[in-house]
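What follows is a short report on a single structure.
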Amino acid sequence: MARKSSRRSAFADPSRLQPLDTDGQNAIQVIIETPKGSRNKYAFDPEQRVFQLKKVLPTGMAFPYDFGFIPSTKAEDGDPVDVLVLMDEPAFRGCLLKCRPVGIIEGEQGNKKKKVRNDRIVAIEHENRSYARVKRMGDLGTKFVRELEEFFVNYHELMEEKYRILDVRGPGEARRRIKEGMRGSHKQSPVAARGGSA
């Protein structure tokens with residue numbers, strides 16, 4: 001009996017799914033890489049079609065919410081567009097969620113010689129109850145948003161990188177940046193692996 005090729009027996013490639021939901025709800029599709037509460041940072045490797053462990057956060061630090069990416073997009077840092085998802089219960093690695101963007105945390109990482117934009121879309125999962133009334137970042141409250149910003153700043157410090165918050169914008173800007181990421185994906189070939197920049 002002939003053996004199946006490794007490509008056929010490997011996982012499907014979720015990074016090639018459609019970025020937008022097709023049911024008319026104006027939603028984005030998000031693939032979860034790192035679940036809420038995890039100290040392990042995972043990233044999808046499209047060449048091997050597996051989720052790879054990229055790093056382990058120190059004791060006392062964990063991802064505050066589910067973290068993933070929008071498939072078939074490419075952001076300015078070369079990775080798919082990052083998304084922090086707010087929902088009732090943690091998802092799991094590889095889970096496909098339908099979400100609505102409520103804003104974007106704009107930031108840049110690097111040093112004086114080389115700086116790269118690394119923005120994070122903030123989105124609400126469609127079926128959740130806890131954040132059902134949230135329409136934009138302002139609805140989350142100043143303290144909540146500041147805690148999100150501090151997480152990303154501290155996360156990058158652990159990697160000995162500087163991360164600077166540039167601005168926090170609403171859902172309109174988030175959707176504009178998602179569309180830019182969709183256009184960027186068509187212009188360039190897929191990256192070999194996610195850089196784990198979170």
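The values are calculated or read from the model by the stated rules, or taken from the named source; none is laboratory data. Here the structure is a predicted model, which means the values were calculated and not measured. Here Cβ is always computed from backbone atoms with ideal geometry, including for glycine, and neighbour counts include all displayed protein chains. Each accessible area value is taken on the protein alone, full model and side chains, heavy atoms only, with ligands, DNA and RNA left out. Shrake-Rupley method; radii C 1.70, N 1.55, O 1.52, S 1.80 Å.
Quick notes on this structure:
- Magnitude of the charge dipole, the range 39-198, Cβ model with Lys/Arg +1 and Asp/Glu -1, debye to 20: 420 debye
- Placing dummy labels 7 Å off each Cα toward the beta-carbon, the span from residue 161 to residue 180 is 1.8 nm.
- Neighbour net charge for residue 61 - beta-carbon separation under 12 angstrom, K R +1, D E -1: +1
- A dipole drawn for the range 52-198 from +1 and -1 charges on Cβ atoms has a positive end, and of 186, 128, 165 the residue lying farthest that way is 186.
- Note that the range 112-154 presents 67 Å² accessible area per residue, ligands and nucleic acids not counted, probe 1.4 Å.
- The range 9-99: Rg to Rh, with Rh as the Kirkwood radius over Cα pairs: 0.97
- A straight Cα-to-Cα reach below 21 Å connects residue 115 with the lysines 74, 162, residues fewer than 8 places away in its own chain not being considered.
- Computed across the chain, the Kirkwood hydrodynamic radius from all distinct Cα-Cα pairs reaches 17.2 Å.
- Protein accessible area in the range 79-195, 1.4 Å probe - carbon and sulfur %: 46 percent
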